[in-house]
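The values are calculated or read from the model by the stated rules, or taken from the named source; none is laboratory data. Worth saying up front: this structure is predicted, and the values here are computed from it rather than measured. Cβ atoms come from the backbone with ideal geometry, glycine included; neighbour counts cover every protein chain shown. Remember, those area values only see protein heavy atoms, side chains included, never the ligands or the DNA or RNA. Shrake-Rupley method; radii C 1.70, N 1.55, O 1.52, S 1.80 Å.
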Amino acid sequence: MTTVIVTTRRLAYRAAHAVRTLYWRVRRPTTIGVRVAVVSADGEVVLVRHSYGPPSLYFPGGRVDSGETCPAAAVRELAEETAVRPVRGEAGLRLFGVYTSYRGGLTTHIVFYELPPGEWDPSDLDRDRHGAEITEVALVAMDDPSADLSRATRQRLAELATGEQAGHHW
């Protein structure tokens, strides 16, 4: 029964994604989103795979809700998608850069944070947290070229390795 419910929810996410994409093409809205690079002491990062959109791995994150700050949204999305909670809350996040994405009629400004080792407890990570939105939670080596990464995720990993933002386009 649980499998039927999750499958139904995943189908609903895919349908909603298609409707949302059509809306973006017509209305051309601007949104603000957050992503978080959760870095382990072993040089790995926490990535997630969504049940909708391209099947690549992405940094955990999502939309900033109305009345919500970017750091609060980052902490919330991280907990929702991976169960990770920064030890010091918002104070544990390090702002890495601000980017802009233009895709399918939607303009999104993305605030990208790093959560370094020591600012999170690896025992909090729930790699089996598969629900309607998230189908996989993975720890991936930052320099693993074989990982199934989105182009933007691969670029952000390269930037994290150098410690410098290379551009402003997500």
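Here are a few things to note about the model shown:
- Positive-pole candidate from Ser146, Ile134, Leu11, dipole of the chain, charges at beta carbon: Leu11
- Coordinate range of the alpha-carbon atoms in segment 14-170 per principal axis, descending: 45, 36, 32 Å.
- For segment 87-107, the residues whose amide N sits under 18 Å from a probe point set 7 Å from the Cα of His169 along the beta carbon direction are 98-107.
- Annotation: per residue accessible area for the chain equals 54 Å², rounded to a whole number [probe 1.4 Å, protein chains only].
- On the basis of the beta-carbon distance and an R0 of 22 Å, Glu68 and Arg94 show a calculated FRET efficiency of 0.70.
- Euclidean distance of C-alpha centroids, segment 53-73 and segment 78-151, integer Å: 9
- Residues in segment 104-122 reached by a label modelled at Val87 [backbone nitrogen below 19 Å; 7 Å Cα→Cβ]: 114-122
- Accessible surface of segment 110-170, 1.4 Å probe, proportion on carbon and sulfur as whole %: 48
- For segment 99-112, Karplus couplings with θ = phi - 60° (6.51, -1.76, 1.60), whole Hz, Gly/Pro x: 10, 10, 10, 10, 8, x, x, 10, 9, 10, 8, 10, 9, 10
- Whole-Å semi-axes of the ellipsoid equivalent to segment 40-104 (Cα gyration tensor, √5λ, descending): 20, 17, 13
- The 3J(HN,Hα) values that the Karplus relation (6.51, -1.76, 1.60; θ = phi - 60°) gives for segment 154-169 are, in residue order, 4, 5, 5, 4, 5, 5, 4, 5, 8, x, 9, 6, 8, x, 10, 9 Hz. Gly and Pro appear as x.
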